Amino acid sequence: MAPKLPESVEELRAAGNQSFRNGQFAEAATLYSRALRALQAQGSLDPEKESVLYSNRAACHLKDGNCTDCIKDCTSALALVPFGMKPLLRRASAYEALEKYSLAYVDYMTVLQINDSVTSALEGSSRMTRALMDSFGPEWRLKLPSIPLVPVSVQKRWKCLPSENHKETAESKSKETAAAKSRVPSAGDVERAKVLKEEGNELVKKGNHKQAIEKYSESLWFSNLESATYSNRALCHLVLKQYKEAVQDCTEALKLDGKNVKAFYRRAQAYKALKDYKSSFADINSLLQIEPRNGPAQKLRQEVNRSLK
């Protein structure tokens with residue numbers, strides 16, 4: 001007896017997923033198309049489900065080198081559910097393959113607003129930066145379309161996803177960090193890192209701390225040898241109340257420069273916010289050994305000392 005052919009939207013989607021895993025991308029695309037038609041024929045509005053099907057079909061097009069249809073499907077997916085990471089990443093890859101580097105850069109940077117530790121987006125934005133600098137020179141940013149501002153609600157929605165997603169992201173961030181540390185920056189990379197760091201500094205002055213984090217992260221991808229870039233990014237994390245991230249960046253800064261006073265001070269602030277008063281007190285003491293008359297550090301030590309009692 002012949003196996004029953006899939007008919008429901010869920011059955012068709014599952015069959016498409018299996019075909020995709022088997023490397024049968026054209027067959028998977030056909031199944032996703034049937035699922036889309038079945039869903040649309042039901043007449044019930046389910047934008048999440050429809051968006052996923054468009055995004056899945058886009059992945060098939062991308063695997064088969066059909067970048068134009070990949071972009072169309074990703075755009076349809078994003079029209080239904082804005083700021084979906086998978087369609088953004090797939091569309092960015094398709095734009096990159098078509099050498100539409102400005103559009104690819106915008107999509108990669110949009111993903112990094114949602115989650116700044118997605119390795120493929122970090123690497124993609126770095127590749128696009130190099131390509132755009134080669135094409136347009138130092139003024140390349142003036143050639144960019146505007147990058148959409150991702151609402152805070154979207155970022156919070158991502159943080160509420162199942163723990164498997166966060167585990168995957170943690171692993172990605174670890175790989176990204178290891179990859180960055182293994183790179184030996186060229187003179188050009190160091191110069192690009194310097195420019196991006198200065199752009200981050202300007203954003204801090206304007207109070208745009210989240211965008212500044214993106215600039216500092218880009219800078220560190222090109223060259224992770226400057227202590228100040230880490231301590232500057234730590235300041236942004238502090239302002240955004242991302243205290244664990246601030247501690248991590250200050251620790252990296254101090255590995256590069258054991259006398260980075262700002263790193264000691266900001267890590268002490270972060271530890272205080274995390275109620276790790278002993279670590280905070282230790283950092284303040286280390287700072288005051290370098291700068292005994294540092295007024296803000298003396299004041300912070302008094303505050304922390306009260307919490308220790």
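Here is a yes/no grid of residues against (1) surrounded by fewer than 22 Cβ atoms within 10 Å (Cβ to Cβ); (2) among the small types (Gly, Ala, Ser); (3) touching a helix residue (DSSP H, G or I) at 6+ places or on another chain (Cβ under 7 Å):
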| position | (1), (2), (3) |
| --- | --- |
| Ala234 | no, yes, yes |
| Gln242 | yes, no, no |
| Lys259 | yes, no, yes |
| Ala268 | no, yes, yes |
| Ala273 | yes, yes, yes |
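Please specify each residue of the stretch 287-303 satisfying the condition of being open to solvent by 40 Å² or more (accessible area, probe 1.4 Å) and in a helix (DSSP H, G or I).
Residues of the stretch 287-303 that are open to solvent by 40 Å² or more (accessible area, probe 1.4 Å), as a first pass: 289-293, 296, 298-299, 301-303.
Scanning the stretch 287-303 gives Gln289, Ile290, Pro296, Gln298, Lys299, Arg301, Gln302, Glu303.
Any residue in the stretch 52-61 that is buried (at least 17 other Cβ atoms within 10 Å of the Cβ), under 23 Å from the mean Cα position of the chain (by Cα) and farther than 15 Å from Leu31 by Cα? Scanning the stretch 52-61 turns up no residue that is buried (at least 17 other Cβ atoms within 10 Å of the Cβ), under 23 Å from the mean Cα position of the chain (by Cα) and farther than 15 Å from Leu31 by Cα. Across the stretch 62-102, the qualifying residues are those that are more than 21 Å from Asp46 (Cβ to Cβ) and among the acidic types (Asp, Glu), and the one among them that is most open to solvent (accessible area, probe 1.4 Å) is Glu99. The lone criterion from (1) of a type outside the set (Val, Ile, Thr); (2) surrounded by fewer than 13 Cβ atoms within 10 Å (Cβ to Cβ); (3) modelled with pLDDT of 95 or more left unmet by Lys206 is number (3).
The values are calculated or read from the model by the stated rules, or taken from the named source; none is laboratory data. Treat the numbers as computed from the prediction; the structure is a model and nothing was measured. Because the Cβ atoms are built from the backbone with ideal geometry, glycine has one as well, and the counts that use them run over all protein chains shown. The accessibility values were calculated without ligands, DNA or RNA, using every heavy atom of the protein model including side chains. Shrake-Rupley method; radii C 1.70, N 1.55, O 1.52, S 1.80 Å.
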